[in-house]
Structure formats: structure tokens, C-alpha cells
Amino acid sequence: MIKRLTIENFALVERLEIAFEDKLNVLTGETGAGKSIIVGAIAKLLGEKADKDDIRSGTGLAIVEADFALPGHRRLFRMLEQLDIETENDTITLRREIPASRASRSFVNGRLINLAQLRLIADQMAELFGQHSHQLLLDEKNHADFLDRTAGLTEKVNDLAGLYERWEKAGKKLAEQEANRKQSKDERELLRFQKDEIEKGKIRIGEEYNLLQEKKILDSSQVLGDKAGSILNRLDGDGITALDLLDTCRRELTEMAALDDSLQEKEELIDQAIINLEELRTEIETYLSSIPNDPERLEQINLRLDEIYHLRKKYGGSEEAILDNLARIENRLADDIDVDDRIEQLRKDEDRLRRLYTERALLISHKRKEAAGKLSTAVKKELARLGIESARFRAELVYTDDPGGIEIDGRTVRPGPGGLESCRLFIAANPGEPLKPLAKTASGGEISRIMLALKAADRKVDSGERRLLVFDEIDTGIGGRTAVTVAERLARLADDFQLLVVTHLHQIAAASHHHFAVEKGSSGSKTGRKTIRIRKLRAAEKKKEIERMISLPNLVED
């Protein structure tokens, strides 16, 4: 609900500040006083394209700003939260700046937003009917929402949209898995092959090192044997050997010790040296006899090392890395169910969601058909009361054929998040005219009355979420009893909406809860330029204004 409207340097407005109230607010005044300029400013505030011509001559910036009270408007506040726009006390402030030197700028609670975001927010708050075609119902995308509200289906359709999203995701996942079936099977087969290959290799940590040591000995058996033989020959072979020399040295030292007692200890040293050499000879003899000469074993080692090198190259640079890879492969095979099993499960999920969607969508379709008939009848009656007696109106459900879709009434149609059908509202306002889409209706006043008929036929609104409805030129071409009916319908509609109505009819003005008079007067400048003023009328002033309106020439036949 709009609480305060401020307009600066817009068209003929120098500065206006208007405090609107709940229910039915009317704006009256002489022709050309500027009533529609005020509505035009509101239209700009709600997202209509700005024009440099909107700026008051001699100024460089036009501003339109309004405070809206929106108690309980959960949907809008969720939208603001998604845009990181802070709110306080269920109130927001919209501001539109139209400069002469650059593009216009829009703000919500001081936060700069783009025009598309402004329109999304404004669509939740207000609708304009008349020459400023901001109204949601002229957009066919909103016709289904309107019909669903009349049928009390809004919540069910929202739930259906969530179900459709889940079904669509399940279908996409199934299609992806089926398309990748061969790749998935190949990947799984590769994992199994790798697992078998590593397990057959029977890798043991430290085995490669041991094999290399054994291979080194086998490769060097001839050299090792020659060296060992050479050592034995020098220790105790033919000719003068190391043991012979030590034995000679020991005899010489014994003779010396007989002459010098201090050399007796040195005899022990040479005796120990002889013992050590004899032990060395024994060890070398044992080693020489143990040196392998086994070409078959060498071939086995080389084959095993080749196998280890091959596994290292494929699965890591060490035995530890190979075994780590084996553990990862086993985990993947354990966690990853077979692709065929996965596809079968996905197919079951997709089929279950399709059946659930079909059941709910068909139920919604049935209720929509009932609601479309009731709405068509109700709107025709309202249009007749509003002076468009010969009007025909139809809410038509529109289907799109799809061989792979869902069957309804003997045809297969394409499903969507909103159900199996969309909705289009058609009207023929004059006798002999064919039904045409609502968006192609002609005059602003005619559109306003059609919209009033729609709103009067369906006064259901979301709980606690009041909206502003602005009617401009709703009284074009009517008078007498029709004017009284229009006034009654507006007053009735004001129980559910805040209304702002521009009118020339005293019947509508008399039905108002709040009456504002718009006047064009001198700005007080030396140039004598005109400016627009507005004032809220007290009871006596309202009576006087209605008397003025009654005294105007009656140019319309009852």
C-alpha cells in the first residue's frame, strides 16, 4: 500500500508530496489539471521506461519517490532478501531518478538496482490500468497465475513446479547415464583389469631391493669367485703366502724375545694376526663355495624385476604407491554400483516422479477447466454491469502437442512447471467483433473496465498481501447507472486492494474513502509558468467538488 508519494520536477510538477490512505482514493479536477501526470509519475516509479521529456523544463533531474507499507507480503520480502536489500518495519521506499544527462537510476531502500529488478519488485506491489499499461494481466504469462488464484490452485501449482523440477532433473540424469553407459562400463572394466593386474603382481614392500641385491651377486659370480680364489691363494696357496710370512716372523720374534723379555707381549700380537688370517681363509673358503652360479634363477629375477618395473610405471614410482593405488581402486569399485544398476534405479525414480506429476497435473487441469468456465461467466456479468453489455469473454486453456508428453482428453501434450496447459484471456468488447487476446484491447478506459471486471470477478488475494491498483480513464464513455455500478464495484474492490482512481464521474468520487483535488496554477515565478498542485479534501470540500462535477455538461448518454 502506497503511503507517501513525492514528485519533483516531473512534467508540470515542481514539487508534490501526497499522503495516500487505505481503500479507495480518487483524484479529480478539471480536464488538463494534471491528474494523469501524477499517474504517469507512479508508472515511472514502477518501472515504465523513462523519457527525457518527463523532466520539468529548466531543470536537470526529475525524481519520483514513494513509501510502501507491505505487512505480511512474504513473497516480496523473500525477493528483497535474495537481492540483499534490507527492510525495516515491513516498509520499503522506491525511488526513481530521471536525469537529463544520463540514464535513469532506480533505488529500493537506498540500494541501487537495475530496471529489470525494479519491475520484478513493482509487479508484486502494484498494477496500473489505463493509458500507462503497466498491468500484469496484459501479459499472457500471468494469465495462468490469475486463473489459478480464482481456482485456489496457487499453492498446488507451486508444489507442482517443484515436482516438475525434480522430475526434469531425474530425466536429465537418466539421459546422461544412458548416453555414458559405454564409457561407464569401460571405466569399470578398466578398474577391474587394474585391480587384477596389481593383485596378480603380488607386490611386497622391500622385494625389489632384495631382488636387486641377489641379481647383483648372480651377475658377478665369476668375478666374486676369481677374487675369492686370489685371496685364498695369497693367504695359503703355492709359493710364499701371507701365512708363511707371518709364521717366519713369529719364529724370528720368538728368538728375539729369548734375548729381550720386553718382546714377549709382541709375540701375542703376531699369534693373534695368524689366528685372524686363518679365520679369514676359512670364511673365504666358505663364501667361495656358496657363490651361486644359477642362470635360471637370474632369468627368474630379471622377469620379476621387469614385472615390478611395469607396475611401477603404470601405478606409481614405488611399491608403496602401487599398493596405495590398489586400495583406491578397490574403494571405487566398492562404492560405485554397476552402471546398469544405476540406470535401472534412475529409471524407476524418473518413472515414479512422472506418475506423481501426471496425477497432480491432471487434477489441476480438471480444476482449471471448471475455473475457466466460471471465470468466463462471472467476467461477462461484470462487464455487462460496467456498461459493456455485448462483451464476450473467454478464459482458454492452451495445450502444446508433444508425442512424448502426457495424455489428456485423448491427446498427448507437453508438460511444464505450471502444468499441462497455459491460459489465455480473450475478449470481444463490441458486437460482431471476434474474440481477441486481452493484450490487444483498444482504449485505456475500456481496458480499465475490463480489468475492473476481472478483479471484481476474482477478489481473492494472497493472505495479507494487499496491492495497489491504479485506474486511469476508467470512466471513459460511461455515465448514469453504469457509473453507479462502476463506483460500487470499485468500493467493493477496495476491501481487498488499495485503489487510486482518476475520474471525472461524481458517482465514483462520491464512493471514495479519500478524495484528492488536482489543480493547475501559477508557480509564482516571473515567467508565469504553471505547476500542478494537489490537496486532500475535507468533507465539506468534497461535497463542493462533487457538486462541481455534477454541474458539468452531461456528454454521455445513460
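None of the figures in this text is laboratory data; all of them are computed from the coordinates on show. Being a predicted model, the structure only gives us computed values, none of them experimental. Neighbour counts are summed over all protein chains in view; Cβ atoms, including those assigned to glycine, are modelled from backbone coordinates with ideal geometry.
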Value in Å of the Kirkwood radius, where the chain supplies the Cα pairs that are averaged: 32.6 Å
Segment Glu433-Glu168, length gained on full extension (0.36 nm per residue, minus Cα span): 91.2 nm
Vicinal HN-Hα couplings computed from phi for segment 295-311 (Karplus, 6.51 cos²θ - 1.76 cosθ + 1.60; Hz; Gly/Pro x): x, 5, 5, 4, 5, 4, 4, 4, 5, 5, 5, 4, 5, 5, 4, 4, 5
Ranked Lys200, Lys156, criterion: other C-beta atoms within 10 Å, fewest first: Lys200, Lys156
Dipole-positive endmost among Leu235, Leu147, Ala487 within the chain (Cβ charges, Cα centre): Ala487
Helical contribution to [θ] at 222 nm, DSSP H n ≥ 4, -39,500 (n - 2.57), averaged over the chain, rounded to 500: -17500 deg cm²/dmol
Interchain or long-range residues, amide H under 5 Å from Asp139's placed H: none
Inter-label distance for Thr377 and Thr282, nm, one decimal - labels placed 7 Å from Cα along Cα-to-Cβ: 12.4 nm
Rough spin-label spacing in nm, given labels placed 7 Å along Cα→Cβ, for Arg75 and Lys520: 3.9 nm
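If you put +1 on each Lys and Arg Cβ and -1 on each Asp and Glu Cβ, how big is the dipole of segment 187-335 around its Cα centre, in Debye rounded to 20?
So the magnitude is around 1320 debye.
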Listed residues Met79, Thr93, Thr28: farthest to the positive end of the dipole of segment 1-128 (Cβ charges): Met79
Val13 long-range amide H proximity, modeled H, under 5 Å: Ile532
Simple Cβ-charge dipole of the chain, Lys/Arg +1 and Asp/Glu -1, about Cα centre, in debye nearest 20: 7500 debye
Angle in degrees between helix 444-457 and the longest Cα principal axis of the chain, rounded to the nearest 10: 70 degrees
Among beta bridges that DSSP assigns inside the chain, antiparallel share in %, nearest 5: 75 percent
Dimensionless Rg ratio for segment 354-408, taking C-alpha atoms and the 2.2 N^0.38 Å reference: 1.56
12 Å beta-carbon shell around Leu363, net charge (K/R +1, D/E -1): +2
Helix 181-201 axis, angle to the chain major axis (alpha carbon atoms, nearest 10°): 20 degrees
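Between Glu296 and Leu190, what's the calculated FRET efficiency when r is the beta-carbon distance and R0 is 41 Å? Round to 0.05.
0.70
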Out-of-range pairs (alpha-carbon distance over 18 Å; input Lys23/Lys455; Lys141/Lys436; Lys44/Lys455): Lys44/Lys455
Using θ = phi - 60° and Karplus 6.51 cos²θ - 1.76 cosθ + 1.60, couplings along segment 213-227 (whole Hz; Gly, Pro as x): 5, 5, 5, 4, 5, 5, 5, 10, 4, 5, 5, 4, x, 4, 5
In order through segment 423-431: 3J(HN,Hα) via Karplus (6.51 cos²θ - 1.76 cosθ + 1.60), integer Hz, x for Gly, Pro: 10, 10, 9, 10, 8, 10, 7, 10, x
Cut-off under 5 Å, modelled amide H: who pairs with Thr412 long-range: Asp402
Leading residue at positive end of dipole, the chain (Cβ point charges), from Gln213, Gly419, Leu438: Leu438
Compactness of segment 266-324 - radius of gyration and Dmax, Cα, Å: 22.5, 65
Principal-axis tilt of helix 242-259 within the chain, Cα atoms, nearest 10 degrees: 60 degrees
Cβ-derived FRET efficiency at R0 35 Å, Val223 paired with His310, nearest 0.05: 0.75
Relative contact order [Cα under 8 Å, 6+ residues apart], the chain, whole percent: 23 percent
